[in-house]
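Asks: Sending over a structure as structure tokens; questions will come in a sec.
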Amino acid sequence: MTAIIGINAYHSDSAACLVVDGKLVAAAEEERFRRIKHWAGFPSEAIHYCLAEAGIRLGDVDYVAINQDAGANIWRKVAYMVTRRPDLSMVLDRIRNKRERAGVADELKRAFHGETLKAEVRHVEHHLAHLASAYLVSPFEEDSVAISVDGFGDFASAAWGVGKGSRIEVEDRVYFPHSLGIFYMALTQYLGFPSWGDEYKVMGLAPYGQPNFLKELRNVVHLQNDGTFRLNLDFFRHHLEKSEDEWENGEPRVKSLFSRSLEELLGPARKRNDELTQRHRDLARSIQAMYEEAFFHLLNRLHERHGLETLTLAGGCAMNSVANGKVYRNTPFKKLYVQSAAGDAGGAIGAAYAVWSELGGGERFHMEHAYWGPQYDDAYIAKLLESEKIAVGEAGCSVRCVSDEGDLVRETADAISQGLVVGWFQGRMEWGPRALGNRSILADPRRSDMKDILNLKIKRRESFRPFAPSIQREYVGEWFETEDEVPFMMQVYQIRSERRPDIPAVAHVDGSGRLQTVHRHSNPRYWRLIECFRGLTGVPILLNTSFNENEPVVCRPEEALDCFLRTKMDVLVLGNWIVRRIKL
Ligand SMILES: [Fe+2]
């Protein structure tokens, strides 16, 4: 047996996975255990979970693979330091990070209280791990172009190459300080969204505007003849001072990335609580348009160069599901795979599979679903509901166990079709940021008021952000303009115009939807629930949003029950148990 622990540490979305003899056994993000969004320290809880899932001990692990290699691209770093003479604190910060990351073995020993550690620690360059996180678990047997587009990692912001069999040949990279991830993040801050991961908000706002600032932004990002891009550094600050890889109590912090010159170019930056005007919507659309221009410029050049039809995408920017959804329209690529944890968390899987490949690899593994996290059986849930009997009773809820799956999905589908909001907690937690039917809040997509109901009852998020549809795989072509597998909600496609009025709660203002295709074999219970809803309504789609309220997605039944009780959700389905608020 060869056991490899893969980790993403000291980056946002710290995470761990376990690969045994080339097969993924478990994977989870540390934030779910620590209950701090995007937690960025060492993923000791996630490692504990992965080993417990497999029933092995730290001493049974052969390799620990981390998606960071301080020695990678070292000459580029040295050359940059010598020629640019950046702020001394930035240099010291980088040395500090390097020291912290050097201590993987020490961290493990600390987290496992002196258990023996015989594993060899292997460092995998950040972008090789990103590339591997998609290509090496993709279904593609043919050669594929593999691309990583990101903020920064190991002094590079993007990398690409060709995946062949169980190997990836890296062709080239874009190095610090040029970065599309930094461009998007800086402009997100400029629009008044300062938190880590707020890029989604710009992506959601974009369809409400026009790309009126694209001309100005072409002066911010310069496309190069070889397919790459460069930033006009006059508009940025990240190259002048330390600004990345900071975290406080595990929470990632980002410093202000844009310069005064950007405000001279585009007008004053929006403050966090300022009203959103049409100018801001136009800026959001322009930012997304500029990103797409650079992204497709790179993709098209790589297609020209390699003549391959399949593409795998990874890196923080591969979370841009709107751009991903245009790959078939804007490039000649015919097949696309984006893994569920496309961002830094996914680097844990990438690092593990890069090491497995170094060891010779074997038969390729295909990650076709995202259910690699913890699960809890009915006995655990029954015990919890018993111990919380008073709180549940005080909230005016009934509790029943429905052990027949047919009855369970019928009752749940019926509740959804009546406009109730259902917390749906089943099986193993999803790997990656999206809830995919195991830690989801579900609602009726046919109701035009459902977005407001959800925001009022639970989510309280910006009204311009859309909710997503889960659709049975068999019906994608009938409801969407693009027939494709999208198991991880990583592509946005246009909903057929004649169908849009049927599902207003999941159709964005431009008629698009960030769909999840639900496959009968990979999530049978969730598929069956939607099948039941289709039987009742003729619609093979549910509105699916993550099970949380301003916190990481729930992991344990305790968190699901707590979230249910403190919000105004109507029904909670915890495994085979149905907790229902009784209307007075
Ligand atoms: Fe990254």
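The values are calculated or read from the model by the stated rules, or taken from the named source; none is laboratory data. Computed from a predicted model, the values in this text were never measured in an experiment. Glycine gets a Cβ as well: all are built from the backbone with ideal geometry, and neighbour counts include every protein chain shown. The accessibility values were calculated without ligands, DNA or RNA, using every heavy atom of the protein model including side chains. Shrake-Rupley method; radii C 1.70, N 1.55, O 1.52, S 1.80 Å.
Asks: If you keep only loop residues by DSSP, which GluC sites (Glu not before Pro) in the range 331-424 have at most 10 other Cβ atoms within 10 Å of their Cβ?
Replies: On the way: sites: E358, E363, E368, E386, E388, E394, E405, E411; in loops: E363, E368, E388.
Passing both the DSSP loop test and the Cβ count: E363.
Asks: Between the range 315-372 and the range 1-20, what's the alpha-carbon centroid distance in Å?
Replies: 15
Asks: Using label points projected 7 Å from each Cα along Cα→Cβ, tell me how many nm separate T482 and K215, to one decimal.
Replies: 3.0
Asks: What do you get for Rg/Rh of the range 122-237 when both radii come from the Cα atoms and Rh is the Kirkwood radius? Don't skip to the end; give the middle numbers.
Replies: Values: Rg = 16.2 Å, Rh = 15.9 Å.
Computed over Cα atoms, the ratio is 1.02.
Asks: Using amide H atoms built 1.01 Å from N in the peptide plane, name the residues 5+ places from E388, or on other chains, whose amide H lies under 5 Å from its own.
Replies: Under 5 Å from the amide H of E388 lies no amide H from a residue far enough along the sequence or on another chain.
Asks: While we're looking at this one, here's another question. If you average 1/r over every pair of different alpha-carbon atoms in the range 258-350 and take one over that average, what Kirkwood value in Å do you get?
Replies: On the way: mean 1/r = 0.0643 Å⁻¹.
Hydrodynamic radius (Kirkwood, Cα only) of the range 258-350 equals 15.6 Å.
Asks: Next up: Going through the cross-link list K164/K215; K23/K334; K118/K383; K37/K326; K255/K335, which pairs have a Cα-Cα distance over 32 Å in this structure?
Replies: From the list (K164/K215; K23/K334; K118/K383; K37/K326; K255/K335), the Cα-Cα distance tops 32 Å for K164/K215; K118/K383; K255/K335.
Asks: Hey, got the dipole for the range 461-510? About the Cα centre, +1 on K and R Cβ, -1 on D and E Cβ, debye to the nearest 20?
Replies: Values: 6 positive and 10 negative charges, 57 e Å.
So the magnitude is around 280 debye.
Asks: Sort R329, R35 from largest to smallest accessible area, using a 1.4 Å probe on the heavy atoms of the protein chains. Walk me through the intermediate numbers first.
Replies: On the way: R329 160, R35 65 Å².
Sorted by accessible area, descending: R329, R35.
Asks: Where does the range 436-584 land on Rg(C-alpha)/(2.2 N^0.38 Å)? If you can, show how the numbers build up before the last one.
Replies: Details: Rg = 14.9 Å, N = 149, 2.2 N^0.38 = 14.7 Å.
Here the answer is 1.01, to two decimals.
Asks: Could you give the length gained by full extension between R305 and R272, i.e. 0.36 nm per residue of separation minus their alpha carbon distance, to one decimal place? Can you show the working numbers first?
Replies: On the way: separation 33, 0.36 × 33 = 11.88 nm, distance 4.34 nm.
Contour length minus the Cα-Cα distance gives 7.5 nm.
Asks: What's log10 of I(q)/I(0) for the range 349-489 at q = 0.13, 0.17, 0.22 Å⁻¹, Debye sum over Cα points only, no solvent?
Replies: -0.83, -1.24, -1.58
Asks: Any chance you could run the full-extension gain for D452 through I56? It's 0.36 nm times the residue separation minus the Cα-Cα distance, nm to one decimal. Before the final figure, lay out each step's value.
Replies: Values: separation 396, 0.36 × 396 = 142.56 nm, distance 4.67 nm.
Working it through step by step, the gained length comes to 137.9 nm.
Asks: If you don't mind, another one. Which value results when the Cα radius of gyration for the range 171-240 is divided by 2.2 N^0.38 Å? Present the calculation step by step, with values, prior to reporting the outcome.
Replies: Working: Rg = 13.0 Å, N = 70, 2.2 N^0.38 = 11.1 Å.
So the Cα radius of gyration is 1.18 times the expected 2.2 N^0.38 Å.
Asks: From the phi angles alone, apply the Karplus equation (6.51, -1.76, 1.60; θ = phi - 60°) to the range 445-454 and give each ³J(HN,Hα) in whole Hz, x where the residue is Gly or Pro.
Replies: Ordered by residue, 3J(HN,Hα) equals x, 7, 8, 5, 8, 5, 4, 5, 4, 5 Hz.
Asks: Sticking with this one: Nearest 0.05, what FRET efficiency do V170 and E264 give at R0 = 22 Å with Cβ-Cβ as r?
Replies: Details: r = 38 Å, r/R0 = 1.74.
Computed FRET efficiency for V170 and E264 comes out at 0.05.
Asks: Express in Å², to the nearest 10, the accessible area of W356 obtained by rolling a 1.4 Å probe over the protein heavy atoms while all chains stay in place.
Replies: Per-residue accessible area (W356): approximately 40 Å².
Asks: So how much slack lies between F464 and D378, counting 0.36 nm per residue of separation and subtracting their Cα-Cα distance, in nm?
Replies: Values: separation 86, 0.36 × 86 = 30.96 nm, distance 3.83 nm.
Full extension from F464 to D378 adds 27.1 nm.
Asks: Taking a temperature of 25 °C and a viscosity of 0.890 mPa s, what whole-number D in µm²/s does Stokes-Einstein yield for the range 370-420 with Rh from Kirkwood over alpha carbon pairs? Each step should come with its number before you reach the end.
Replies: Values: Rh = 13.2 Å.
Value of D from the Cα-based Kirkwood radius: 186 µm²/s.
Asks: To continue, here is another question. In whole Hz, with x marking every Gly and Pro, tabulate ³J(HN,Hα) for the range 223-233 from phi via Karplus 6.51 cos²θ - 1.76 cosθ + 1.60, θ = phi - 60°.
Replies: Karplus values, whole Hz, x for Gly and Pro: 7, 9, 4, 7, x, 8, 9, 9, 8, 7, 5.
Asks: Shifting gears a bit: Scale the Cα Rg of the chain by the rule-of-thumb value 2.2 N^0.38 Å and send over the ratio, two decimals. Before the final figure, lay out each step's value.
Replies: Numbers: Rg = 23.3 Å, N = 584, 2.2 N^0.38 = 24.8 Å.
It is 0.94.
Asks: For the pair M1/H366, report the inter-label distance in nm, with labels modelled 7 Å from Cα in the Cβ direction.
Replies: It works out to 2.7 nm between the two label points.
Asks: Quick one: which residues, 5 or more positions from Q339 or on another chain, have an amide H under 5 Å from its amide H? H modelled 1.01 Å from N in the peptide plane, none for Pro or chain starts.
Replies: L313
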